[in-house]
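The values are calculated or read from the model by the stated rules, or taken from the named source; none is laboratory data. The structure presented is a predicted model; accordingly, all values stated were derived computationally and were not measured. Counting neighbours? That spans all protein chains shown, and the Cβs are built from the backbone with ideal geometry, glycine included. Each accessible area value is taken on the protein alone, full model and side chains, heavy atoms only, with ligands, DNA and RNA left out. Shrake-Rupley method; radii C 1.70, N 1.55, O 1.52, S 1.80 Å.
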Amino acid sequence: MRIELRQLEQFLLDSSLVPKEKLEEVVALAKKDGQDLGALLLEKKLIKEAELQKTYAYILGFPFVDLSKEAIPIEILQIVPELIAKKYNIVAFEKSGVNLKVAMLNPEDLQTIDFIKKKTGLKIVPCLTSSESIQSVLHQYGKSLEAEFGDILTADTKPEGEDDENLAQVAAGLPVIRVVDTFLKHAILQSASDIHIEPEEKEVHVRYRIDGVLHDAMTLPKDIATGIVARIKVLSNLKLDEHRLPQDGRFKIEKEDHKISFRVSILPVFDGEKIVMRLLDESSKGLTLEKMGLTGAALEAVHREINKPNGMILVTGPTGSGKTTTLYTVMDILNTPEVNISTVEDPVEYRMPRVNQTQISPKVGMTFAAALRALLRQDPDIIMVGEIRDQETLEIAMHAAMTGHLVLSTLHTNSAAATLPRMLDMGAEPFLIASTVNVIVAQRLVRRLCPECRQSYTLEKKEVESLAKSYDIESVLTYLKAAPESKKFVANAKTWGEVTFYKAMGCDQCGGEGYRGRNGIYEVLAMDTNIRKMVTQAATTEEIETEARRTGGMATMVEDGFSKIVQGITSLEEVLRATKE
């Protein structure tokens, strides 16, 4: 865009968007090196992109629009085809008579404006916007699954026979490829964790698991089922002519902005073959324990214990509670060139650079115990065992922790304190447990409230009474008033009736669900001298938990959940669902 350095400098001085001293430094640098002043300001994080674009809009005389929270009708959006929108960073957002308003990063791009004008026959009204705003709208192209499938399913996708050759031809046919590519693309856009393709007598249902909840995505005609299964088998390098036995495979989609690995499971059912695909985003970087929901003393305890050279770090919880993600995040923190990290998994979820990952295979004798025994001869510093399922694996893991290795693993228990008696039940020696376990993290996942539409409310008397039947709510309120993360939200509340809660409402930004994304609630038990002594004396879960809270200040999962409720991160319903046993 044609904006003189002097013009931009003067406007920024007048508006005080950038401190004068800092602006003068950057202007001098821009003049010296002949660089763009706006780009330098962004690089040095002295101004936000949206503010800079607003400034450009004012100087150039164009209106500025922020579409990051706007839902644009699909008929308006599709006036500018997706490919053009992505290539030239231009999106249509409003039509009035013959006028079409478009948002652009460069409203002086007359060639693109002229192209859209000729294609649509409309008068184009250009507006300036930010790249975040453009990206938000580009994602909306993927929201209307029905629209994309309309013309695809008119093609003949039914195979004439089910021999290997015919199935291969169908799998390579354009209609089937487009169908599969489309629902994979939509799953990625909607941040789904799983895709379920379920055949029934007369149709095929496609469902996505988003934030832990399954949603109907599409219903397809039964004729296309065989083609879809064949296509996914080809992608996953599985046997096309095997319809009676389960098959497992994986494939990967790599694009400029993402790298997604699909773990495929195919199971014969009465009406055909059901497919479940787990989506694993291998391009997502920067996941931290803080972003996952660990805070305060619990976060400090985990960081302190994972930096010890030996011992056991145990993560517990039911299936789907995010245990593996926690372990991978810890490994990512510890993954430096100075250490050798080896894992034994079933299956290997994410691929990690510089980590030696072993997939178990019980059919050929490669069990957790056998693989772990072999790993100890590979000079590891850190060992991750996907899950401790039996006494043999537990004993080898504990001996590894005793002999100078840091061992990370998972167990299925309901709470952190319950893990220690569970290990005793599995046949572990009390003195070994006491001397090897460093910290136990129990966790659950709750859905995050959509910040755009969440609504505040307070509990009525009956609701407080109902809550008191399930939890020691007076103790929880005392904890909330003392905890650094929550005390400012409940400082003035004398009773639960005065505490502000939030509930899900639903809007265009969250697809009407009221929730966007997930967060963990945690219980972190760091082993101290008293707890170690209690383990050797075979103390009960309740005794261990009481002592951990008394001397170590451990917050229970319920307390951590309520802390996130009063902060507006999640809802009461989500915490009740996650913590009820």
Self-check item: Those lysines that a straight Cα-Cα span of less than 22 Å connects to Lys20, excepting residues fewer than 8 apart in one chain
Solution: Lys31, Lys32, Lys44, Lys45, Lys48, Lys54
Practice problem: Considering the options Leu8, Tyr88, Met277, tell which one lies farthest towards the positive end of the dipole of the chain, charges being +1 on Lys and Arg and -1 on Asp and Glu at the Cβ, about the Cα centre. | Solution: Leu8
Practice problem: Mind ranking 441-448, 327-334 by how tightly packed they are, going by the mean number of other C-beta atoms within 10 angstrom, highest first? | Solution: 441-448, 327-334
Self-check item: Partner aspartates and glutamates for Lys462 [C-alpha distance under 18 Å; skip if fewer than 8 residues away on the same chain]
Solution: Asp472, Glu474, Glu498, Glu573
Quiz prompt | With Cα atoms, 0 to 90° folded angle of helix 557-566 axis to the chain main axis | solution = 30 degrees
Quiz item: Considering only DSSP beta bridges whose two residues both sit in region 93-145, what percent are antiparallel, to the nearest 5?
Solution: 35 percent
Exercise. Kindly report the accessible area of region 285-439 per residue (heavy atoms of protein chains, probe 1.4 Å, no ligands, DNA or RNA), in Å².
Key: 43 Å²
Quiz item: aspartates and glutamates within cross-link reach of Lys323: Cα-Cα under 14 Å, excluding same-chain residues under 8 positions apart?
Solution: Glu345, Asp346, Glu349, Glu387, Glu523
Exercise. Measure up Lys252/Lys363; Lys469/Lys494; Lys239/Lys363; Lys461/Lys503; Lys87/Lys119 against 22 Å on the Cα-Cα distance and list the ones that go over.
Key: Lys252/Lys363
Quiz item: Where does helix 20-33 land angle-wise versus the long Cα axis of the chain, in degrees 0 to 90, nearest 10?
Solution: 70 degrees
Quiz item: If you count the DSSP beta bridges with both ends in the chain, what percent of them are antiparallel, to the nearest 5?
Solution: 65 percent
Quiz item: Can you give me the relative contact order of the chain as a percent, contacts being Cα pairs under 8 Å and 6 or more apart?
Solution: 9 percent
Quiz item: Carbon and sulfur: what percent of region 287-432's accessible surface (1.4 Å probe)?
Solution: 52 percent
